[in-house]
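Participant: Below you will find the structure I want to go over with you.
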There are 4 protein chains.
Amino acid sequence: MASGTPVLTVSDDEVSASSPIKTRDAGNTQQLLLHAARRRFARDGYAATTVREIAADAGVNVALINRYFTSKEGLFEACLTRVVERLERPGEVVDSIERAARDIIRTISDSPNGDDSLQLLLLLRTSGDEGAERIRRATFRNFTERLAAAAGWRRDDPTTEHLMLRAQLAMATAFGTVLLRSTSGLEPLTSASESELSGPLTEVLTGLLAP
Amino acid sequence: MASGTPVLTVSDDEVSASSPIKTRDAGNTQQLLLHAARRRFARDGYAATTVREIAADAGVNVALINRYFTSKEGLFEACLTRVVERLERPGEVVDSIERAARDIIRTISDSPNGDDSLQLLLLLRTSGDEGAERIRRATFRNFTERLAAAAGWRRDDPTTEHLMLRAQLAMATAFGTVLLRSTSGLEPLTSASESELSGPLTEVLTGLLAP
Amino acid sequence: MASGTPVLTVSDDEVSASSPIKTRDAGNTQQLLLHAARRRFARDGYAATTVREIAADAGVNVALINRYFTSKEGLFEACLTRVVERLERPGEVVDSIERAARDIIRTISDSPNGDDSLQLLLLLRTSGDEGAERIRRATFRNFTERLAAAAGWRRDDPTTEHLMLRAQLAMATAFGTVLLRSTSGLEPLTSASESELSGPLTEVLTGLLAP
Amino acid sequence: MASGTPVLTVSDDEVSASSPIKTRDAGNTQQLLLHAARRRFARDGYAATTVREIAADAGVNVALINRYFTSKEGLFEACLTRVVERLERPGEVVDSIERAARDIIRTISDSPNGDDSLQLLLLLRTSGDEGAERIRRATFRNFTERLAAAAGWRRDDPTTEHLMLRAQLAMATAFGTVLLRSTSGLEPLTSASESELSGPLTEVLTGLLAP
DNA sequence: AATGAATGAGGTTTCATTCAT
DNA sequence: GATGAATGAAACCTCATTCAT
């Protein structure tokens with residue numbers, strides 16, 4: 001079952017659609033805040049986002065952010081942690097480069113509106129908080145190690161170090177594309193469908209990972 | 001002479017090194033402010049940067065920002081315009097894909113500390129100001145059109161539209177790599193030298209532009 | 001009931017004296033701010049008044065001005081609106097010139113410290129804000145129309161137009177006297193009692209309104 | 001020749017029209033500044049006026065205000081002094097009530113654009129500066145004493161004190177009318193001609209001064 | 001004498017956070 | 001658990017004034 005594990009795709013089961021929206025439910029309130037916060041932080045960045053906006057999006061009182069997450073930074077860190085929990089799958093290996101490429105392309109195609117790509121963007125945002133920064137970097141490392149491993153990289157074999165660099169460049173392509181699709185308004189890139197993106201991106205990613 | 005025009009490289013001749021640093025010199029003060037502002041805006045983003053930081057970096061009084069650039073947004077727009085003036089070279093064509101790739105790679109290698117890559121990062125920052133947004137988008141378009149043209153794209157030939165998409169993906173790779181080198185701390189990517197980056201990036205870029 | 005309606009006199013029931021001063025009460029806070037602001041704006045003018053002074057007078061935090069009134073201009077406009085709400089009494093007619101004169105004289109005598117005259121002074125202050133300006137002018141018009149009507153002016157009878165001019169001159173006398181009593185320090189004018197003012201002012205006002 | 005001295009009318013000979021506008025002429029520069037400052041201070045009030053506006057109106061460098069008048073307050077005081085020098089005519093007596101009334105009416109009719117009425121308005125403006133305040137009050141006193149004297153008031157005869165009050169009320173009418181014509185936009189008052197104003201104002205003023 | 005660059009104090013406003021209900 | 005009032009720090013900006021040319 002390790003086979004078939006997505007690299008970047010996540011399944012967002014945070015807010016279970018079946019449950020009616022309950023007020024006076026601490027857990028639910030937290031989910032609403034996390035969801036709204038992730039969107040705002042990912043799209044507008046940490047500093048440009050106000051806690052009042054987040055609370056308004058979530059339909060929740062502002063003071064609850066401090067109650068549940070201590071501070072704005074705490075909320076940001078929680079968003080990041082959520083992303084990481086879903087993206088990192090320790091023990092699971094990416095078994096095939098083709099599958100990895102396909103997953104990445106799907107996440108890219110998901111942007112700019114999908115939730116998967118939002119999580120990627122979030123990793124590019126910085127709050128100045130040291131705790132959040134550590135999380136970000138660890139996640140980056142974890143990502144690229146798993147991707148590099150699929151390409152043959154071994155931690156204890158220095159002769160495979162160039163594969164790590166290549167995996168990181170693959171990640172860079174993914175991040176750059178999501179970012180441009182989300183913020184540049186460039187056409188045809190922004191509106192390109194998965195089928196249009198698939199060809200060139202497969203070339204790039206497999207070219208990088210299977211030299 | 002159009003031959004040999006760099007795509008992304010800029011030569012920063014803003015502050016002539018030979019002239020002694022003059023105080024009480026409006027032009028010089030403006031340059032100092034622009035320089036400091038570009039660094040901060042590129043690295044930390046618009047909202048996270050305070051005008052006091054910029055003024056302190058530049059070693060001048062805060063009020064001069066408003067005097068010379070009307071507002072923080074005005075300063076941001078001026079930074080962007082500066083970048084554009086240097087990057088856009090209307091009338092000049094990029095004559096060869098190999099040369100374009102080499103230029104892009106040089107700019108990427110320049111990051112995270114070099115000035116060229118700072119200008120790229122600046123294009124990813126947003127201030128919420130409408131004027132600045134227009135400039136950003138126009139610059140993106142101009143960039144990719146010139147790059148696409150080198151790959152054979154023609155504005156009036158719809159059958160070459162896929163080349164535009166590929167040029168934009170090439171830009172995305174460049175942006176993503178600069179960004180990751182600047183903010184992720186990922187190794188070996190962050191510290192990779194131009195000679196290490198050259199191989200895989202040339203593959204990617206020429207693969208995208210010369211399919 | 002229309003009989004006996006004062007022209008300029010207002011009954012200040014804003015802060016009900018019976019209720020204990022409550023903190024953490026938005027409505028009360030707004031009243032405190034309005035009260036303090038009206039005093040300052042009327043006495044010192046709009047530009048010379050700082051929001052910090054107003055907040056200090058009201059004994060509340062400065063930020064609440066923006067919370068409740070959006071801006072300094074918003075607060076000024078709110079002060080003006082309050083005045084207008086009390087002074088304008090649409091549908092009510094001033095039935096006798098003698099009564100109108102008596103009311104005006106009472107308001108004049110109220111100055112410089114009374115609340116009624118403060119409201120008059122406020123109408124002479126200008127903030128540069130377009131909204132406030134409209135309110136001011138409409139209020140002036142309303143005032144003088146009601147006063148002129150008492151003197152026999154009819155909107156659709158051009159032969160009574162001179163009565164409007166006379167009513168406006170009566171207003172001018174009232175404004176001028178309040179202003180001089182408030183800001184000139186002239187004696188005996190400033191300290192004159194209602195009984196001292198009554199004689200000459202009655203002459204002037206009835207002379208103007210009942211030619 | 002004491003006969004015929006105007007009460008409020010001034011002849012503005014500040015800037016002699018025959019002399020060509022000379023630059024590098026300290027005296028001329030001061031006149032330009034005083035003239036521009038008086039307009040602004042009278043119309044907009046002290047606090048709402050910026051020294052840059054004044055300098056721009058005068059076509060002169062801002063720093064010269066401090067050079068010639070020490071400070072913004074110094075300039076205001078100088079404006080006031082100028083007004084006073086022209087308005088106060090020690091030794092001259094107002095010989096007839098009719099003539100005084102006519103002069104006052106002429107000054108009122110001069111508003112809102114004329115220079116005479118500007119000088120009146122200036123007296124209603126306050127800078128917070130103690131020196132200026134003293135000047136204002138002394139001028140008020142001087143004015144009303146001369147007017148009261150024409151009505152029969154004697155400084156050492158307490159039984160004529162009511163005449164002083166009446167003179168001050170006459171001044172108040174003048175001030176109020178100029179103010180309303182200048183800032184209220186009320187019609188027909190604002191546009192009324194001298195012939196229209198003359199009737200009712202003569203009634204009021206002679207009624208007050210010749211009881 | 002005149003200019004324009006530079007400064008610092010202070011003004012309004014925003015925002016994260018805390019407090020009382 | 002939730003709300004909304006209140007707070008204080010800090011942000012951007014304006015303005016009178018001083019300094020160097």
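Participant: Inspect all residues belonging to the range C:19-30 and state whether any of them is within 14 Å of chain D (Cβ to nearest Cβ), surrounded by fewer than 19 Cβ atoms within 10 Å (Cβ to Cβ) and either more than 8 Å from DNA strand E (Cβ to nearest atom) or closer than 23 Å to D:GLY128 by Cα (or both).
Facilitator: Checking the range C:19-30: not a single residue is within 14 Å of chain D (Cβ to nearest Cβ), surrounded by fewer than 19 Cβ atoms within 10 Å (Cβ to Cβ) and either more than 8 Å from DNA strand E (Cβ to nearest atom) or closer than 23 Å to D:GLY128 by Cα (or both).
Participant: When you go through A:LEU124, A:LEU208 one by one, which is the residue that is facing chain B (nearest Cβ under 10 Å), modelled with pLDDT of 90 or more and under 19 Å from A:ALA42 (Cα atoms)?
Facilitator: Working: A:LEU208 fails: under 19 Å from A:ALA42 (Cα atoms).
It is A:LEU124.
Participant: Another one. Looking at the range D:45-69 only, could you name the residues that are among the aliphatic types (A, V, I, L, M) and either surrounded by fewer than 19 Cβ atoms within 10 Å (Cβ to Cβ) or within 9 Å of DNA strand F (Cβ to nearest atom) (or both)?
Facilitator: Passing the criteria: D:ALA47, D:ALA48, D:VAL51, D:ILE54, D:ALA55, D:ALA56, D:VAL62, D:ALA63, D:LEU64, D:ILE65.
Participant: Mind checking whether some residue in the range C:161-178 is charged (D, E, K, R) and more than 7 Å from every other protein chain (Cβ to nearest Cβ)? Can you show your working first?
Facilitator: Our first condition is that a residue be charged (D, E, K, R); within the range C:161-178, this holds for C:161, C:166.
Checking which are more than 7 Å from every other protein chain (Cβ to nearest Cβ) leaves us with none.
Scanning the range C:161-178 turns up no residue that is charged (D, E, K, R) and more than 7 Å from every other protein chain (Cβ to nearest Cβ).
Participant: Then there is this: Taking the criterion of being under 19 Å from D:LEU186 (Cβ atoms) and at the interface with another protein chain (Cβ under 10 Å from one of its Cβ atoms), would at least one residue in the range C:180-198 satisfy it?
Facilitator: No: zero hits.
Participant: How many residues, within the range D:73-90, are free of Cβ contacts under 8 Å to residues at least 24 places away in the same chain and within 15 Å of DNA strand F (Cβ to nearest atom)?
Facilitator: Total satisfying the criteria: 1.
Participant: Which residue is surrounded by the fewest Cβ atoms within 10 Å (Cβ to Cβ), if the candidates are limited to the range C:31-44 and must be within 14 Å of DNA strand E (Cβ to nearest atom) and farther than 20 Å from D:ALA48 by Cα?
Facilitator: If we filter the range C:31-44 for residues that are within 14 Å of DNA strand E (Cβ to nearest atom), which is where we start, we get C:33, C:36-37, C:40-41, C:44.
Keeping just the survivors that are farther than 20 Å from D:ALA48 by Cα gives C:33, C:36.
Numbers: C:LEU33: 25, C:ALA36: 22.
Applying the filter and picking the extreme gives C:ALA36.
Participant: Is it true that A:ARG67 is assigned to a helix (DSSP H, G or I) and within 16 Å of DNA strand E (Cβ to nearest atom)?
Facilitator: Criteria met by A:ARG67.
Participant: Kindly establish whether A:PHE143 is more than 7 Å from chain B (Cβ to nearest Cβ), within 20 Å of the chain's Cα centre (by Cα) and aromatic (Phe, Trp, Tyr).
Facilitator: When the stated conditions are applied, A:PHE143 passes them.
Participant: A follow-up question, please. For A:GLU77, only one of the following conditions fails: (1) outside any helix (DSSP H, G or I); (2) acidic (Asp, Glu); (3) at pLDDT 90 or above. What is its number?
Facilitator: (1)
Participant: Regarding the range A:43-63, can at least one residue be identified that is among the hydroxyl-bearing types (Ser, Thr, Tyr), within 29 Å of B:ARG40 (Cβ to Cβ) and assigned by TED's automatic domain parsing to the domain that holds A:LEU169?
Facilitator: Of the residues in the range A:43-63, the ones among the hydroxyl-bearing types (Ser, Thr, Tyr) are A:46, A:49-50.
Checking which are within 29 Å of B:ARG40 (Cβ to Cβ) leaves us with A:46, A:49-50.
Next, from what is left, pick out any that are assigned by TED's automatic domain parsing to the domain that holds A:LEU169: none.
No.
Participant: Let me ask something additional. Taking A:THR126, is it out of contact with any helix residue (DSSP H, G or I) (no Cβ under 6 Å at 6 or more places or on another chain) and among the hydroxyl-bearing types (Ser, Thr, Tyr)?
Facilitator: So A:THR126 passes the test.
Participant: Only one of C:THR107, C:THR81 is touching a Pro at 6+ places or on another chain (Cβ under 9 Å) and either within 14 Å of another protein chain (Cβ to nearest Cβ) or under 15 Å from C:GLN31 (Cα atoms) (or both). Can you tell me which?
Facilitator: C:THR107
The values are calculated or read from the model by the stated rules, or taken from the named source; none is laboratory data. Nothing here was measured: the structure is a model prediction, and the numbers come from that model. Glycine gets a Cβ as well: all are built from the backbone with ideal geometry, and neighbour counts include every protein chain shown.
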